[in-house]
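Enquirer: This is the structure I have questions about; it appears just below.
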Amino acid sequence: MKKIILTTVFSVMLLCMTAFVNQSNEGDRLKGVWEPSNGRARVKIEKIGEKYFGKIVWLKEAKDPETGNPKTDKNNPDESMRDVPLRGYRMLKDFVYKGDDVWEEGTIYDPLNGSTYNCVIKMSDPNTLDIRGYIGVEALGRTDVWKRLNIKKKKSKK
Amino acid sequence: MFQLTGLGQVDSTSIYEEDEEDYSMYDDLDFAEDGAKRYCSPKIEGLSPAKLIYFGYDAMTPYSMSLDSLKFKDGQTEYNAEEKEVTLTHGIRLGCNIPVISKTSLVWQMGLNYWETRFSGVGTGNSNILMEEHSNTFRTLGINTTVFKPLDDKQFILFQGSADLNGDYTFSDIMSLSYLKYSAAILWGKRPTEKKQWAVGLARTYRVGELNYIPVILYNWTDAANKWGAEVLFPARAKIRRTINPRNMLLAGFELQGQSYRLYKNTTFRNEDLEIRRGEIRLGLEYQFSVKDFIWLSAQAGYRINYRYDVDRLENGNEIYRAFGLLSDEPYVMENSLSNPLYFNISLNLVSP
Amino acid sequence: MLKTKLLTVIFGLNLLLFISCSKGSKVKTAELSDVVFEFEGPLFGGTNTAQYLYSVNIKELLNEDISEENAIKSATLKSATISMEECENCYGFETIKSLVLSMVSDGEIPMKEIALLNPVNAKNNSQALKLAEELEIGEFFNTDKIYWVLDADITEEIDDNISMIGNFKIELRYD
């Protein structure tokens with residue numbers, strides 16, 4: 001009897017752990033390089049801790065036409081952070097995988113006007129994301145469709 | 001001060017399981033999915049923000065209103081001409097534009113708007129029946145839709161349509177929907193860069209105070225430095241924009257406004273099926289700024305030039321389509337004139353991402 | 001006499017009210033030193049990221065026996081210095097274009113960029129980062145762990161690892 005109970009408890013624990021690991025792995029499908037619909041930037045989504053972040057890795061117009069220097073976050077409401085280079089800037093932040101191909105609780109930053117919006121990401125297929133930035137409620141927002149890009153791997157790490 | 005030096009709980013590792021970045025590796029990439037397309041966006045960089053919800057108030061300084069005598073269809077003339085000083089013309093402006101579909105391949109939004117216009121100084125007991133009508137509130141209740149359909153990464157089709165109920169009705173005695181005024185515009189255009197967009201098309205409009213079919217030109221542009229721009233939907237409006245920063249903008253230009261107000265409340269007019277054809281040109285300056293995040297305030301001031309304020313008769317319930325006099329020279333029932341005041345408008349807006 | 005006593009009582013009450021309403025009545029400056037950010041090579045030109053996982057221990061942080069949750073009422077970064085590892089063949093700041101320091105925590109606290117250096121003065125081996133104006137980071141110290149994330153924009157391909165050492169001073173307010 002004792003053996004049966006222990007076996008049952010152990011099996012349930014294993015099942016829960018497996019489910020958790022699977023959930024965690026499912027969330028990692030977000031990782032990769034993506035392109036917004038306007039084709040002006042490319043964003044690499046990666047994981048820090050349990051959350052997902054997207055940083056700009058390519059800009060169609062990488063240099064500021066006025067200065068000729070690499071673009072910086074000159075519209076940031078925090079003046080002290082306006083020298084942060086845009087290439088490398090994390091415009092997607094703090095996304096948590098919620099299951100059912102949805103990542104929530106994150107924000108998206110628009111460097112064109114320095115505004116941060118609430119955001120939800122839905123993966124409509126393995127190569128397509130619906131990124132919805134909104135104000136307060138999802139109804140007051142706009143969806144942009146991002147497409148996954150093929151990335152050519154270089155040398156692997158030591 | 002306490003030192004925490006290299007504690008055992010630390011873990012300094014790079015997060016990458018793949019490769020480090022060389023930015024050049026992101027230059028020439030293909031989509032992972034075969035057949036994926038890029039579509040042009042309706043957004044133009046640097047444009048003044050689009051309003052999702054707005055609460056506004058509009059007012060004009062005093063002006064004189066000269067109203068004609070009423071010429072009935074049988075040729076009889078009644079009600080003397082009269083002139084009065086309208087001391088204040090004012091009213092609220094409310095509206096919303098909500099995205100219904102907001103995808104890369106299609107943007108569709110629906111909107112509602114409600115405008116009121118009240119006239120002070122007209123009083124009651126006027127000898128001219130139209131003057132007497134101005135003791136009522138003139139209302140516009142409308143529904144509108146906008147569809148932006150990109151054809152590829154450069155071309156698009158834009159459709160705007162609206163239906164408005166304009167008149168001196170009250171909500172307890174609202175006009176029949178058969179008096180709705182329909183406007184629409186359809187344009188084809190191109191978006192060669194993120195800072196420029198143009199389109200041409202045709203519109204059915206009441207902007208000059210009566211029904212007309214006119215060509216329209218859309219042109220939105222921002223300069224390379226994001227300092228200057230133009231926002232044009234000719235002939236409805238044209239403005240030059242000066243961007244102080246992305247949260248502060250100045251605009252200067254003109255806008256055509258106009259409605260056909262059904263004179264509903266007075267039974268005399270109902271029997272005659274009469275409408276005021278109102279058209280005006282507003283020349284002004286506008287300052288828009290972000291109060292906090294997505295809450296913006298816009299303040300406008302300028303000069304209102306009255307284009308038309310005549311009363312027209314419907315023929316068997318149908319409007320007389322004059323086409324600027326080309327198709328009909330039927331005289332108006334009343335040809336009125338208004339002098340030109342200053343106008344002021346303030347609006348609190350929730351703007352779109 | 002009575003008037004003086006009354007004024008003293010009123011003053012004392014006001015002071016008590018002020019202290020109880022203020023954001024944590026005790027202040028301590030903690031130093032987080034020799035934080036190693038290891039950028040594993042080969043490194044290519046562009047932004048590379050290293051992180052440092054710090055497990056928060058309030059008792060150790062404040063050197064006080066504090067057991068309550070959310071003990072930290074507020075915290076601000078007072079200084080952030082990044083140095084390159086000093087050794088014979090180690091790289092210096094001539095290979096670094098910019099640095100951005102951020103904090104991340106699991107849970108609902110959003111990521112915060114807290115310090116920045118752009119451009120980098122290649123002559124110094126120790127660089128003081130410019131601190132963000134909106135610097136409140138207290139909520140991070142009420143969690144179990146903090147990821148300190150350092151983004152370094154590297155100028156050229158480097159086959160080796162690069163190690164950077166961080167030293168941070170944090171002012172903590174608590175009850």
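Enquirer: Do the conditions hold for C:Tyr174, that is, is it over 21 Å from C:Leu43 (Cβ atoms), more than 14 Å from chain A (Cβ to nearest Cβ) and hydroxyl-bearing (Ser, Thr, Tyr)? Spell out how you get there, then give the answer.
Expert: Values: over 21 Å from C:Leu43 (Cβ atoms): yes; more than 14 Å from chain A (Cβ to nearest Cβ): yes; hydroxyl-bearing (Ser, Thr, Tyr): yes.
Yes; evaluated as a whole, the condition is true for this residue.
Enquirer: To continue, here is another question. Test C:Glu156 against the stated conditions and say whether it is surrounded by fewer than 22 Cβ atoms within 10 Å (Cβ to Cβ), acidic (Asp, Glu) and outside any loop (DSSP other than H, G, I, E, B).
Expert: No; evaluated as a whole, the condition is false for this residue.
Enquirer: Please go through the stretch B:290-314 and pick out each residue that is free of Cβ contacts under 8 Å to residues at least 12 places away in the same chain and surrounded by 13 or more Cβ atoms within 10 Å (Cβ to Cβ). Steps first, please.
Expert: Of the stretch B:290-314, the ones free of Cβ contacts under 8 Å to residues at least 12 places away in the same chain are B:292-293.
Within the stretch B:290-314, just B:Asp293 meets the criteria.
Enquirer: Sticking with this one: Residue by residue through the stretch A:106-130, note down the ones that are touching a residue at least 60 places away in the same chain (Cβ under 8 Å), assigned to a strand (DSSP E or B) and surrounded by fewer than 17 Cβ atoms within 10 Å (Cβ to Cβ). Even if it seems obvious, please write down each step before you answer.
Expert: Keep residues of the stretch A:106-130 that are touching a residue at least 60 places away in the same chain (Cβ under 8 Å), which gives A:121, A:123, A:126, A:129.
With assigned to a strand (DSSP E or B) added as a condition, the list becomes A:121, A:123, A:129.
The answer is none; no residue qualifies.
Rundown of residues vs (1) modelled with pLDDT under 90; (2) within 30 Å of A:Glu66 (Cα to Cα); (3) within 14 Å of chain A (Cβ to nearest Cβ); (4) under 18 Å from the mean Cα position of the chain (by Cα), yes/no style:
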| residue | (1), (2), (3), (4) |
| --- | --- |
| B:Ile217 | no, no, no, yes |
| B:Thr222 | no, yes, yes, no |
| B:Thr243 | no, yes, yes, no |
| B:Leu256 | no, no, no, yes |
| B:Thr268 | yes, no, no, no |
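Enquirer: Quick check: anything in the stretch A:61-68 buried (at least 17 other Cβ atoms within 10 Å of the Cβ), over 21 Å from C:Tyr52 (Cα atoms), over 12 Å from the mean Cα position of the chain (by Cα) and more than 8 Å from chain C (Cβ to nearest Cβ)? Explain how you work it out, then say what you get.
Expert: Residues of the stretch A:61-68 that are buried (at least 17 other Cβ atoms within 10 Å of the Cβ), as a first pass: none.
Scanning the stretch A:61-68, I find no residue that is buried (at least 17 other Cβ atoms within 10 Å of the Cβ), over 21 Å from C:Tyr52 (Cα atoms), over 12 Å from the mean Cα position of the chain (by Cα) and more than 8 Å from chain C (Cβ to nearest Cβ), so the answer is no.
Enquirer: On to the next question. Look through B:Tyr321, B:Tyr332, B:Tyr307, B:Tyr264 and report the one residue that is in contact with a Gly (Cβ under 7 Å, 6 or more places away or on another chain), part of a loop (DSSP other than H, G, I, E, B) and at pLDDT below 95. Spell out the reasoning first.
Expert: Details: B:Tyr321 fails: in contact with a Gly (Cβ under 7 Å, 6 or more places away or on another chain); B:Tyr332 fails: in contact with a Gly (Cβ under 7 Å, 6 or more places away or on another chain); B:Tyr307 fails: part of a loop (DSSP other than H, G, I, E, B).
Being in contact with a Gly (Cβ under 7 Å, 6 or more places away or on another chain), part of a loop (DSSP other than H, G, I, E, B) and at pLDDT below 95 holds for just one of B:Tyr321, B:Tyr332, B:Tyr307, B:Tyr264, which is B:Tyr264.
Enquirer: Counting just the residues of the stretch A:131-144 that are of a type in the set (A, V, I, L, M) and surrounded by fewer than 18 Cβ atoms within 10 Å (Cβ to Cβ), which one comes out farthest from the other protein chains (Cβ to nearest Cβ)? I'd like the intermediate steps shown before the answer.
Expert: As a first pass, look at the stretch A:131-144 and keep what is of a type in the set (A, V, I, L, M): A:131, A:135, A:137, A:139-140.
Next cut, surrounded by fewer than 18 Cβ atoms within 10 Å (Cβ to Cβ) only: A:137, A:139.
Numbers: A:Val137: 10, A:Ala139: 6 Å.
Ranking the qualifying residues of the stretch A:131-144, first place goes to A:Val137.
Enquirer: Look at the stretch A:93-105 and say how many of its residues are at the interface with chain C (Cβ under 10 Å from one of its Cβ atoms) and either more than 21 Å from A:Pro126 (Cβ to Cβ) or crowded, with 23+ Cβ neighbours inside 10 Å (or both). Don't jump to the end; show me each part of the working.
Expert: Taking the stretch A:93-105 first, the residues at the interface with chain C (Cβ under 10 Å from one of its Cβ atoms) are A:93-94, A:96, A:105.
The next check asks that each one be either more than 21 Å from A:Pro126 (Cβ to Cβ) or crowded, with 23+ Cβ neighbours inside 10 Å (or both); those that pass are A:93-94, A:105.
Residues in the stretch A:93-105 being at the interface with chain C (Cβ under 10 Å from one of its Cβ atoms) and either more than 21 Å from A:Pro126 (Cβ to Cβ) or crowded, with 23+ Cβ neighbours inside 10 Å (or both): 3 in total.
Enquirer: Restrict the check to the stretch B:86-101 and report whether at least one residue is more than 17 Å from the chain's Cα centre (by Cα), within 14 Å of another protein chain (Cβ to nearest Cβ) and part of a strand (DSSP E or B).
Expert: Taking the stretch B:86-101 and keeping what is more than 17 Å from the chain's Cα centre (by Cα), we get B:86-90, B:100-101.
Those left that are additionally within 14 Å of another protein chain (Cβ to nearest Cβ): B:100-101.
After this cut, where a residue has to be part of a strand (DSSP E or B) as well, the list is B:100-101.
Within the stretch B:86-101 (the criterion being more than 17 Å from the chain's Cα centre (by Cα), within 14 Å of another protein chain (Cβ to nearest Cβ) and part of a strand (DSSP E or B)), the answer is yes, since at least one residue qualifies.
Residue-wise test of (1) more than 12 Å from chain A (Cβ to nearest Cβ); (2) outside any strand (DSSP E or B); (3) under 18 Å from C:Thr47 (Cβ atoms); (4) not small (Gly, Ala, Ser).
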| position | (1), (2), (3), (4) |
| --- | --- |
| C:Ile109 | no, yes, no, yes |
| C:Glu113 | no, no, yes, yes |
| C:Leu116 | no, no, yes, yes |
| C:Pro119 | no, yes, yes, yes |
| C:Asn124 | yes, yes, no, yes |
| C:Gln127 | yes, no, yes, yes |
| C:Phe141 | yes, yes, no, yes |
| C:Ile146 | no, no, no, yes |
| C:Val149 | no, no, yes, yes |
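Enquirer: Go over the candidates A:Asp73, A:Asp83 one by one and state the one that is touching a helix residue (DSSP H, G or I) at 6+ places or on another chain (Cβ under 8 Å), closer than 21 Å to C:Thr47 by Cα and within 11 Å of chain C (Cβ to nearest Cβ).
Expert: Working: A:Asp83 fails: touching a helix residue (DSSP H, G or I) at 6+ places or on another chain (Cβ under 8 Å).
Of A:Asp73, A:Asp83, the one residue that is touching a helix residue (DSSP H, G or I) at 6+ places or on another chain (Cβ under 8 Å), closer than 21 Å to C:Thr47 by Cα and within 11 Å of chain C (Cβ to nearest Cβ) is A:Asp73.
Enquirer: Which one of these is basic (Lys, Arg) and at pLDDT below 75: C:Lys26, C:Lys3, C:Lys59? Before you say what the answer is, go through the steps one by one.
Expert: Values: C:Lys26 fails: at pLDDT below 75; C:Lys59 fails: at pLDDT below 75.
One residue alone meets the criteria, C:Lys3.
Enquirer: Now, a different point. Within the group A:Asp110, A:Asp125, which residue is away from chain C (no Cβ under 12 Å), modelled with pLDDT of 90 or more and out of contact with any Asp or Glu (no Cβ under 6 Å at 6 or more places or on another chain)? Reasoning before the result, please.
Expert: Numbers: A:Asp110 fails: modelled with pLDDT of 90 or more.
Unique residue meeting the criteria: A:Asp125.
Enquirer: A further question follows. Hey, A:Ile56 hits all of (1) facing another protein chain (nearest Cβ under 7 Å); (2) farther than 21 Å from A:Ser124 by Cα; (3) not polar (S, T, N, Q) but one; which does it fall short on?
Expert: Unmet condition: (1).
Enquirer: Please verify whether the stretch B:167-182 includes one or more residues that are crowded, with 19+ Cβ neighbours inside 10 Å, without any contact (Cβ under 8 Å) to a residue 40 or more places away in the chain, within 17 Å of the chain's Cα centre (by Cα) and outside any loop (DSSP other than H, G, I, E, B).
Expert: No; the residues of the stretch B:167-182 include none that is crowded, with 19+ Cβ neighbours inside 10 Å, without any contact (Cβ under 8 Å) to a residue 40 or more places away in the chain, within 17 Å of the chain's Cα centre (by Cα) and outside any loop (DSSP other than H, G, I, E, B).
Enquirer: Under 6 Å between Cβ atoms, at least 6 apart or on separate chains: pull out the pairs that start in the stretch C:37-50 with a residue that is surrounded by fewer than 24 Cβ atoms within 10 Å (Cβ to Cβ) and end on any residue that is basic (Lys, Arg).
Expert: Within 6 Å, the pairs are C:Glu40/A:Lys157; C:Pro42/A:Lys155.
Enquirer: Tell me, yes or no, whether the stretch C:49-70 has at least one residue that is in contact with a helix residue (DSSP H, G or I) (Cβ under 8 Å, 6 or more places away or on another chain), within 13 Å of another protein chain (Cβ to nearest Cβ), under 30 Å from A:Asn118 (Cβ atoms) and of a type outside the set (Lys, Arg).
Expert: Scanning the stretch C:49-70 turns up at least one residue that is in contact with a helix residue (DSSP H, G or I) (Cβ under 8 Å, 6 or more places away or on another chain), within 13 Å of another protein chain (Cβ to nearest Cβ), under 30 Å from A:Asn118 (Cβ atoms) and of a type outside the set (Lys, Arg).
Enquirer: Identify the single condition in (1) buried (at least 19 other Cβ atoms within 10 Å of the Cβ); (2) farther than 20 Å from C:Asp159 by Cβ that C:Ile96 does not satisfy, given that it satisfies every other one.
Expert: It is condition (2) that C:Ile96 fails.
Enquirer: Related question: Out of the strands (runs of 3 or more DSSP E) lying entirely within the stretch A:8-103, which hold 3 or more residues that are without any contact (Cβ under 8 Å) to a residue 40 or more places away in the chain?
Expert: On the way: elements: A:32-35, A:41-48, A:51-59, A:90-99.
Per the criteria, A:41-48, A:51-59.
The values are calculated or read from the model by the stated rules, or taken from the named source; none is laboratory data. All values reported here derive from a predicted model rather than from experimental measurement. Cβ: placed from backbone, ideal geometry, glycine included. Neighbour counts: every protein chain shown.
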